[in-house]
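Engineer: Right, I'll just put the structure down here and ask away after.
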Amino acid sequence: MILIQGKGASTGVAIGPLYFYQRAKATIDRYEVADTDAEWQRFKDAQQKAIDQLGELAEKARAEAGDEAALLFETHQMMAEDLDFEETIQGLITENKLNAEAAVTDTAAQFAEMFAAMDDSYMQARAADVKDVSGRILAILTGAVQGGIDSPVPVILAADDLAPSETVQLDKSKILGFVTEGGSGSSHTAILARTMGIPAIIGVGDQLKKEYVGREVIVDGATGVVTVDADADIKVRMLKKQEEIKKRQELLNQLKGKENVTKDGQKVRVFCNIGNPEDVSKVLENDGGGIGLFRSEFLYLGCDDYPTEDYQFEAYKKVLSDMGGKEVVIRTLDIGADKQIEYFNLPKEENPALGNRALRICLNRPEIFKTQLRALYRASAYGKLCIMFPMVTSVWEVREAKKVCEQVKKELTKEGLPFADDVQVGIMIETPAAAVISDRLAREVDFFSCGTNDLTQYTLACDRQNNDLGRFFDPHHPAVLRLLKMVADNAHKNGIWVGICGELGADLALTETFLSIGIDELSVSPRSVLPLRQKIRETTVSVVREKVLRDLMSDETSL
């Protein structure tokens, strides 16, 4: 039996075989083949498998987001079957005696360069399609795994850490839990685990060995302990703990349909954070009052080229329709920093967390911003939409973003396309600058939502992704909490509501603080809704408020 200590990032107990996330090979071998017929057949088999995979993805996309979403994969299917593409590969194999991997690589480079050089923007965009299709065929030829998991049964997934672009492609049905070497509690792997409602442990370092693959492991997200080949006593104890968690959830389920109201009558809205339309089922299952944060960038991360207006429209429409009139806050594109997308061709930055990201990209590249806003406003006809801008630091940024919104509404009106006339526009408060001038910003928008992960990072000058900083990244720091109180006070003075959509929203140790400073909405992972509701219903704010505020503002509080 082997015990590995990490840090719990999502509670719960999971038991299953260990599996390491598999990435595609970075380099392709080149060599001369003797049997060109056999090598050509290798390519044909890989090509057919790629076509079949794309067909399955198209059907899945059609079921989840409509015909427009399926079109991308159908286009890739046609590209994989293109005769010119195929004949070029065949020539390199049969005449030049190149191995299939090298032939596909060379052909992809040739075709991508050819498309990129064309004058027509539509044809230029096909360069990315060629790269994607070729990458899929290469992954099959080299034995790499699309989506990182090739297992007939669900697994405990181990990795160094997972990039946002990798998490979005995971087959969620194959994951019982996560264990990562690095990462942090606010990493995308941890956030995904909490959204899925499965255990996760981060920061185990080099303790996980490749020879553990396939062996049974137990993940305890509460204690941060990974047990490899547990003895009978520990396994019985963990199974019992798993059953207790299940029973506790059954008790919490009795709170479904109940109000989020304190013993002395203070109400707070409890909403959910999601990353894609599939997560809506988790929101409804856990009785979330709405969606307080839909991270729209995951639509971009899941595509190999800029998602079209119609593709985005279908996704937003589905979320709004499925939520049945409940409020949905959709954050506009928030990439940059740790969320990099190749086709955006962003220049490498020394400090990307402080660089060209989020609203800055949208204002610098208005064609991308306008496409998303058109899709959002069109979708607003199907539900109760709120639009939220991330990474705000100045009033002028908000005014410029609102001008684009007005332009979009005028265009849609002229085109006769319907949209709601009551869409609220808000901003994320995730920089100290925004918090400090929140009195001015409140006059420009309908609501604030505080992103506590980044607000903590920028306030404490502490990289949220750096696991080595550990205790230095302290979301409970008085500076962070005082900024939140300032924001809440300024919001209410100007008649707008304020929420929290960062990880702190689900921190039950701070629920009394948030209620005491007047937070109107807490947006959390779906699994956190019912425990948070229980905490709210057990609290008497009038009793705790004076002490909470005194401790928060006291000059004796430990910094």
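Engineer: Using the Cα gyration tensor of the range 361-400, with a ≥ b ≥ c the square roots of its eigenvalues, what is the shape: rounded (a/c below 1.5), prolate (a/b larger than b/c) or oblate (neither)? Please list the in-between numbers first.
Structural biologist: Working: a/c = 3.04, a/b = 1.57, b/c = 1.93.
Oblate shape, in that a/c is at least 1.5 and b/c is the bigger or equal ratio.
Engineer: Rounding to the nearest 10 and keeping the result within 0 to 90°, find how far the Cα-based axis of helix 478-493 lies from the longest principal axis of the chain.
Structural biologist: Between helix and principal axis, roughly 80 degrees.
Engineer: State the number of lysine pairs found in the range 299-370 whose Cα atoms come within less than 24 Å, restricting to pairs 8 or more positions apart or on distinct chains.
Structural biologist: For the range 299-370, the number of qualifying lysine pairs is 6.
Engineer: Tell me, in nm to one decimal, what length is gained between D82 and E32 on full extension, where the rule is 0.36 nm per residue of separation less the Cα-Cα distance?
Structural biologist: Roughly 15.5 nm would be gained on extension.
Engineer: Using modelled amide H (1.01 Å from N, peptide plane; none on Pro or chain starts), what sits under 5 Å from the amide H of W497, excluding residues fewer than 5 places away?
Structural biologist: Amide H neighbours of W497, under 5 Å, 5+ apart: F448.
Engineer: Express in nm, to one decimal, how much length is gained between K172 and R215 on full extension, taking 0.36 nm for each residue of separation and deducting their alpha carbon distance.
Structural biologist: 13.4 nm
Engineer: Please compute the Cα-Cα pair-distance distribution of the range 36-143 with 5 Å bins starting at 0, giving whole percents from short to long.
Structural biologist: Bins of 5 Å from zero give 2, 13, 22, 22, 18, 12, 7, 2, 1 percent of pairs.
Engineer: What is the local net charge at R42, summed over the other residues whose Cβ is closer than 14 Å to its Cβ (Lys, Arg +1; Asp, Glu -1)?
Structural biologist: Once all neighbours under 14 Å are counted, the net charge is -4.
Engineer: Using only the Cα atoms, work out Rg/Rh for the range 1-45, with Rh taken as the Kirkwood radius, to two decimals.
Structural biologist: Across the range 1-45, the Cα-based Rg/Rh ratio is 1.30.
Engineer: Under a point-charge model restricted to the Cβ atoms of Lys and Arg (+1) and Asp and Glu (-1), what is the dipole moment magnitude of the range 219-281 relative to its Cα centre, in debye to the nearest 20?
Structural biologist: 400
Engineer: Which whole-number percent gives the relative contact order of the range 415-519, counting Cα pairs below 8 Å spaced six or more residues apart?
Structural biologist: 30
Engineer: Another question, if that's okay. Looking at A38, G183, A222, which one has the Cα that reaches farthest to the positive end of the dipole of the chain (charges on Cβ: Lys, Arg +1; Asp, Glu -1)?
Structural biologist: The Cα lying farthest towards the positive end belongs to A222.
Engineer: With each pseudo-label sitting 7 Å past Cα toward Cβ, what's the K267-D231 distance in nm, one decimal?
Structural biologist: 5.6
Engineer: May I ask for log10 I(q)/I(0) of the range 256-553 at q = 0.11, 0.14 Å⁻¹, from a Debye sum over the Cα atoms as equal point scatterers with solvent left out?
Structural biologist: Per q value, in the given order, log10 I(q)/I(0) is -0.64, -1.06.
Engineer: Compute, for the range 307-356, the length of the dipole vector about the Cα centre, with Cβ point charges of +1 (Lys, Arg) and -1 (Asp, Glu) only. Units Debye, rounded to 20.
Structural biologist: In debye, rounded to 20, the range 307-356 gives about 160.
Engineer: Hey, could you pull the Cα Rg and Dmax for the range 227-352, both in Å?
Structural biologist: For the range 227-352, the Cα radius of gyration and maximum Cα-Cα distance read 20.4, 56 Å.
Engineer: Work out the FRET efficiency for R248 and A116 from their Cβ-Cβ distance, taking R0 = 56 Å, and round it to the nearest 0.05.
Structural biologist: Result of the calculation: an efficiency of 0.50.
Engineer: Run the reach check for K210 against aspartates and glutamates, Cα to Cα strictly under 18 Å, same-chain hits fewer than 8 apart removed. What comes back?
Structural biologist: D150, D160, D161, E181, D229
Engineer: What residue among G302, I274, L252 has its Cα farthest toward the positive end of the dipole of the range 252-350, where the charges are +1 on Lys, Arg and -1 on Asp, Glu, each on the Cβ?
Structural biologist: The residue sitting most towards the positive pole is L252.
Engineer: Another one. Nearest 10 degrees is fine. How inclined is helix 100-116 to the longest principal axis of the chain, computing both from alpha carbons?
Structural biologist: Taking Cα atoms only, the helix is inclined about 70 degrees.
Engineer: Still on this model: For the chain, with only Lys/Arg (+1) and Asp/Glu (-1) charged at the beta-carbon, what is the dipole magnitude about the Cα centre, in debye rounded to 20?
Structural biologist: 2700
Engineer: Further question on the same structure: Not counting the cut sites, what is the longest span of the chain without GluC sites (Glu not before Pro) that DSSP labels loop and that have at most 14 other Cβ atoms within 10 Å? Intermediate results must be reported in sequence, preceding the final value.
Structural biologist: Details: sites that count: E95, E259, E349, E350, E556.
Longest stretch, sites excluded: 351-555.
Engineer: Beyond 40 Å, what share of the Cα-Cα pairs of the chain is found? Please give it as a whole percent.
Structural biologist: The share of Cα pairs beyond 40 Å in the chain comes to 29 percent.
Engineer: Mind pulling the angle between the C-alpha long axis of helix 121-142 and the longest principal axis of the chain? Nearest 10 degrees, somewhere in 0 to 90.
Structural biologist: Helix 121-142 and the main axis of the chain meet at about 80 degrees.
Engineer: Still on this structure, please answer the following. Give the residue from N494, V524, V130 lying farthest towards the positive end of the charge dipole for the chain; charges sit on Cβ (+1 for Lys and Arg, -1 for Asp and Glu) and the dipole is referred to the Cα centre.
Structural biologist: Checking the options against the dipole of the chain, the answer is N494.
Engineer: Which whole-number percent is the relative contact order of the chain (Cα, under 8 Å, 6+ apart)?
Structural biologist: So the answer I get is 15 percent.
Engineer: Give me the percent relative contact order of the range 36-143, please, defined on Cα pairs under 8 angstrom at least 6 residues apart. Walk me through the numbers before you get to the answer.
Structural biologist: On the way: 113 pairs, mean separation 32.4, N = 108.
Once divided by the residue count of the range 36-143, the mean separation gives 30 percent.
Engineer: How large is ³J(HN,Hα), in whole Hz, for each residue of the range 5-13 in order, when computed from phi with the Karplus curve 6.51 cos²θ - 1.76 cosθ + 1.60 and θ = phi - 60°, using x for Gly and Pro?
Structural biologist: 9, x, 10, x, 10, 8, 6, x, 10
Bear in mind that the values in this text are calculations on the coordinates, not laboratory data. This is a predicted model, so every value here is computed, not measured. Here Cβ is always computed from backbone atoms with ideal geometry, including for glycine, and neighbour counts include all displayed protein chains.
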